[in-house]
1. Thinking of region 116-245 as a set of Cα atoms, what percent of all their pairs are more than 18 Å apart?
2. So, in nm, how far is label residue 133 from label residue 111 when the simple model puts each one 7 Å beyond its Cα toward the Cβ?
3. Quote to one decimal, in nm, the extra length available between residue 237 and residue 175 on full extension: 0.36 nm per residue of separation minus the C-alpha distance between them.
4. In region 79-162, carbon and sulfur make up what percent of the accessible area (probe 1.4 Å)?
5. Once R0 is set to 22 Å, what does the formula 1/(1 + (r/R0)^6) return for the Cβ-Cβ distance between residue 94 and residue 42, expressed as a FRET efficiency to the nearest 0.05?
6. On a 30 Å Cα-Cα criterion, which of the cross-link pairs 38/237; 38/154; 73/152; 38/152 come out too long?
7. Step through the residues of region 181-191 one at a time and calculate ³J(HN,Hα) from phi using the Karplus curve (6.51 cos²θ - 1.76 cosθ + 1.60, θ = phi - 60°), rounding each to whole Hz and writing x for Gly and Pro.
8. For residue 182, project a label point 7 Å along Cα to C-beta. Then give me every residue of region 202-222 with its amide nitrogen under 18 Å of that point.
Amino acid sequence: MRALRIILILAVILGGLFVIADRVAVHFAEGQAADKLKATENLASTPDVDIKGFPFLTQVAGGSLDDVEVGIKDYQAATGKAGQTIRIDDLKADMKGVSFSGDYNSATAASATGTATISYSELLKTAGSQPTEVAPGITARIVGLSDGGNGKIKVMVEGTVSSLGIKQTVPVLSTVTVENDKVQVHADSLPRLGAAAIAENRIREITDFQQAIDRLPGGIKLDKVQAAKNGVEITVKGSDVKLAG
């Protein structure tokens with residue numbers, strides 16, 4: 001009995017030491033991965049990297065990680081226009097089946113899904129905020145974006161009749177979609193500005209707009225978008241996504 005008790009005590013101690021070693025190793029690996037991702041994506045701050053699953057060391061021995069979560073607080077995405085970016089907030093990606101090279105300098109996820117937000121103030125930068133003539137003596141511009149409910153964006157359009165010095169601001173509910181890596185905003189119905197007849201194509205030059213979002217981290221792509229309280233919520237997905245290297 002005494003020998004059995006000693007064996008059990010040793011097993012508990014060794015098991016505890018293994019758990020401690022495993023947690024130390026995963027913490028070190030998360031830090032290394034975060035630093036590598038920051039350098040690869042040229043991020044302003046260090047991202048959060050959370051390696052899921054236990055034990056970590058057996059996953060490493062097998063050459064892949066089951067599940068890795070990455071969080072980037074502020075990501076400046078390219079827009080397809082030189083020198084112009086758009087800020088993506090709270091980008092969170094869940095990467096499955098992450099394999100890494102023998103020297104651990106690169107890692108690739110078999111698949112990835114995630115979410116992020118584009119604030120209305122950020123999206124407003126690409127809208128028609130400069131007064132544009134839509135009919136003789138009448139100009140229009142977008143002065144605000146907000147949540148319109150039921151997944152719609154409320155676009156505030158300001159019309160000005162210059163000869164009378166009259167300004168009118170009207171709300172326009174719009175549908176937001178994704179097509180070819182672009183967030184597209186399309187008015188469900190067109191506003192009436194004053195008494196003048198305005199051609200649909202002229203007013204849609206103001207109400208409808210799109211924003212390209214290129215080169216998201218690791219090559220993930222836009223999947224879906226929906227208007228929400230604090231901005232446009234986007235979902236992303238991808239395969240063979242580069243985590244580092």
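1. Percent of Cα pairs beyond 18 Å in region 116-245: 55.
2. Taking the simple label geometry, residue 133 and residue 111 are separated by 5.5 nm.
3. Values: separation 62, 0.36 × 62 = 22.32 nm, distance 2.15 nm.
Full extension of this stretch gives 20.2 nm more.
4. Values: 1920 of 3910 Å².
It is 49 percent, rounded to a whole number.
5. Details: r = 23 Å, r/R0 = 1.03.
Given R0 = 22 Å and the Cβ-Cβ separation, E is 0.45.
6. Values: 38/237 20 Å; 38/154 36 Å; 73/152 25 Å; 38/152 34 Å.
Violating the 30 Å limit, Cα to Cα: 38/154; 38/152.
7. 6, 10, 7, 10, 10, 10, 5, 6, 9, 9, x
8. The answer is 202-216, 221-222, whose backbone nitrogens lie closer than 18 Å to the label point.
The values are calculated or read from the model by the stated rules, or taken from the named source; none is laboratory data. This is a predicted model, so every value here is computed, not measured. Glycine gets a Cβ as well: all are built from the backbone with ideal geometry, and neighbour counts include every protein chain shown. All accessible areas refer to the heavy atoms of the entire protein, side chains included, with ligands and DNA or RNA removed. Shrake-Rupley method; radii C 1.70, N 1.55, O 1.52, S 1.80 Å.
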